[in-house]
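After the C-alpha coordinates below, expect a handful of questions from me.
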Amino acid sequence: MVPFVGAVAAGNTAVIKPSEQAPNSAAVITRIVESVLDPEAYAVVNGGIPESTELLNQKFDKICYTGGSAVGRIVAAAAAKHLTPVLLEL
(Lines give C-alpha, C1' and ligand atoms only; values in the text may rest on other atoms or scores of the structure.)
Protein backbone atom coordinates (compact mmCIF):
# COMPACT_ATOMS: atom_id res chain seq x y z
CA MET A 1 0.00 0.00 0.00
CA VAL A 2 2.97 2.35 0.50
CA PRO A 3 3.52 2.89 -3.26
CA PHE A 4 -0.21 3.54 -3.65
CA VAL A 5 -0.21 6.14 -0.87
CA GLY A 6 2.77 7.83 -2.53
CA ALA A 7 0.97 7.87 -5.88
CA VAL A 8 -2.12 9.44 -4.30
CA ALA A 9 -0.04 12.01 -2.40
CA ALA A 10 1.73 12.98 -5.62
CA GLY A 11 -1.58 13.42 -7.45
CA ASN A 12 -1.16 10.45 -9.77
CA THR A 13 -3.88 8.06 -10.84
CA ALA A 14 -3.50 4.46 -9.70
CA VAL A 15 -4.95 0.96 -9.98
CA ILE A 16 -4.65 -1.59 -7.18
CA LYS A 17 -4.92 -5.35 -7.78
CA PRO A 18 -5.04 -7.00 -4.34
CA SER A 19 -4.11 -10.66 -3.96
CA GLU A 20 -6.93 -13.12 -4.51
CA GLN A 21 -5.34 -15.17 -1.73
CA ALA A 22 -6.31 -12.54 0.86
CA PRO A 23 -10.01 -11.89 0.18
CA ASN A 24 -10.69 -10.11 3.48
CA SER A 25 -7.83 -7.65 2.93
CA ALA A 26 -8.97 -7.14 -0.66
CA ALA A 27 -12.49 -6.34 0.56
CA VAL A 28 -11.21 -3.76 3.05
CA ILE A 29 -8.95 -2.13 0.44
CA THR A 30 -11.82 -2.02 -2.05
CA ARG A 31 -14.23 -0.53 0.47
CA ILE A 32 -11.78 2.19 1.55
CA VAL A 33 -10.64 3.18 -1.95
CA GLU A 34 -14.16 3.23 -3.40
CA SER A 35 -15.63 5.21 -0.49
CA VAL A 36 -12.88 7.80 -0.05
CA LEU A 37 -11.14 8.38 -3.38
CA ASP A 38 -12.29 9.66 -6.77
CA PRO A 39 -13.38 6.65 -8.88
CA GLU A 40 -12.19 8.40 -12.04
CA ALA A 41 -8.63 8.48 -10.69
CA TYR A 42 -8.35 5.36 -8.52
CA ALA A 43 -9.59 1.83 -9.05
CA VAL A 44 -9.38 -1.54 -7.37
CA VAL A 45 -9.46 -4.63 -9.58
CA ASN A 46 -10.32 -7.83 -7.74
CA GLY A 47 -9.93 -11.27 -9.23
CA GLY A 48 -7.39 -13.90 -10.12
CA ILE A 49 -5.08 -14.75 -12.97
CA PRO A 50 -7.37 -13.57 -15.83
CA GLU A 51 -7.76 -10.12 -14.27
CA SER A 52 -4.05 -9.87 -13.52
CA THR A 53 -3.18 -10.90 -17.07
CA GLU A 54 -5.51 -8.29 -18.53
CA LEU A 55 -4.02 -5.58 -16.31
CA LEU A 56 -0.51 -6.55 -17.42
CA ASN A 57 -1.59 -6.15 -21.05
CA GLN A 58 -2.33 -2.47 -20.37
CA LYS A 59 0.17 0.38 -20.62
CA PHE A 60 1.08 1.91 -17.26
CA ASP A 61 3.66 4.53 -16.28
CA LYS A 62 4.96 2.35 -13.43
CA ILE A 63 4.12 -1.03 -11.92
CA CYS A 64 4.70 -1.85 -8.26
CA TYR A 65 4.47 -5.53 -7.35
CA THR A 66 4.76 -7.18 -3.95
CA GLY A 67 4.88 -10.96 -3.84
CA GLY A 68 6.83 -14.01 -4.91
CA SER A 69 9.60 -14.26 -7.45
CA ALA A 70 7.70 -16.54 -9.87
CA VAL A 71 4.94 -13.97 -10.44
CA GLY A 72 7.52 -11.18 -10.23
CA ARG A 73 9.18 -12.61 -13.35
CA ILE A 74 5.83 -12.58 -15.16
CA VAL A 75 5.20 -8.97 -14.11
CA ALA A 76 8.68 -7.88 -15.19
CA ALA A 77 8.37 -9.61 -18.58
CA ALA A 78 4.97 -8.03 -19.23
CA ALA A 79 6.24 -4.59 -18.21
CA ALA A 80 9.26 -4.94 -20.49
CA LYS A 81 6.95 -5.21 -23.51
CA HIS A 82 5.82 -1.62 -22.84
CA LEU A 83 9.18 -0.44 -21.43
CA THR A 84 7.38 0.20 -18.13
CA PRO A 85 9.53 0.72 -15.02
CA VAL A 86 8.84 -1.85 -12.29
CA LEU A 87 9.29 -1.84 -8.53
CA LEU A 88 9.49 -5.47 -7.38
CA GLU A 89 9.24 -6.24 -3.66
CA LEU A 90 10.01 -9.96 -3.67
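Residue-by-condition table, conditions (1) in a loop (DSSP other than H, G, I, E, B); (2) among the aromatic types (F, W, Y); (3) touching a Pro at 6+ places or on another chain (Cβ under 6 Å):
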| residue | (1), (2), (3) |
| --- | --- |
| A26 | no, no, yes |
| I32 | no, no, no |
| S35 | no, no, no |
| D38 | yes, no, no |
| A43 | no, no, no |
| N46 | yes, no, no |
| P50 | no, no, no |
| E54 | no, no, no |
| Q58 | yes, no, no |
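On to the next question. Cβ-Cβ under 6 Å, sequence separation 6+ or interchain: first residue in the stretch 2-27 and assigned by TED's automatic domain parsing to the domain that holds Y65, partner modelled with pLDDT of 95 or more and aromatic (F, W, Y). Which pairs?
none
Just name the residue that is surrounded by the most Cβ atoms within 10 Å (Cβ to Cβ) out of those in the stretch 7-21 that are small (G, A, S) and under 13 Å from the mean Cα position of the chain (by Cα).
That would be A14.
The values are calculated or read from the model by the stated rules, or taken from the named source; none is laboratory data. Small disclaimer: the values here were computed from a predicted structure and weren't measured. All Cβ positions, glycine included, derive from the backbone under ideal geometry; neighbour counts span all protein chains shown.
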